[in-house]
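The next block holds one structure in the form of structure tokens; read it before the comments.
The values are calculated or read from the model by the stated rules, or taken from the named source; none is laboratory data. Remember, it's a predicted structure, so these values are computed and weren't measured experimentally. Cβ atoms come from the backbone with ideal geometry, glycine included; neighbour counts cover every protein chain shown.
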Amino acid sequence: METVSYLVPNIHCGHCTMKIITRLNLIPGVEDVEACANTKEVHVDFTVPATEEEIISALTEINYPPER
């Protein structure tokens, strides 16, 4: 399992975190997603077939582009 963490400046509230969690959990191979509005951080645990590129693309697609 691999874990990645991102700073996502567009997170402002619980609705934002739920949207992120819901979208990333649709990716096959994503095991766990944590998103926090206070720290503006997203942590994702995943295995193959999920890729980091796919996770970043999904976040960008829903208007939460990550910074590294």
Selection count where residues are under 16 Å from residue 10 (Cα atoms) and either exposed (fewer than 14 other Cβ atoms within 10 Å of the Cβ) or in contact with a Pro (Cβ under 7 Å, 6 or more places away or on another chain) (or both), scope region 44-68: 8
Positions within region 9-68 being among the acidic types (Asp, Glu) and at pLDDT below 95, in sequence order: 67
Extreme residue, surrounded by the fewest Cβ atoms within 10 Å (Cβ to Cβ), among residues of region 9-43 that are polar (S, T, N, Q) and in a helix (DSSP H, G or I): 22
Single residue of 55, 27, 21, 62 found to be of a type outside the set (Asp, Glu) and touching a Lys or Arg at 6+ places or on another chain (Cβ under 9 Å): 62
Failed criterion for residue 6 (all others in (1) in a strand (DSSP E or B); (2) of a type outside the set (A, V, I, L, M, F, W, C); (3) without any contact (Cβ under 8 Å) to a residue 60 or more places away in the chain hold): (3)
Contacts under 6 angstrom Cβ, first residue in region 10-31 being farther than 17 Å from residue 52 by Cβ, partner hydroxyl-bearing (Ser, Thr, Tyr), 6 or more apart: 10/64
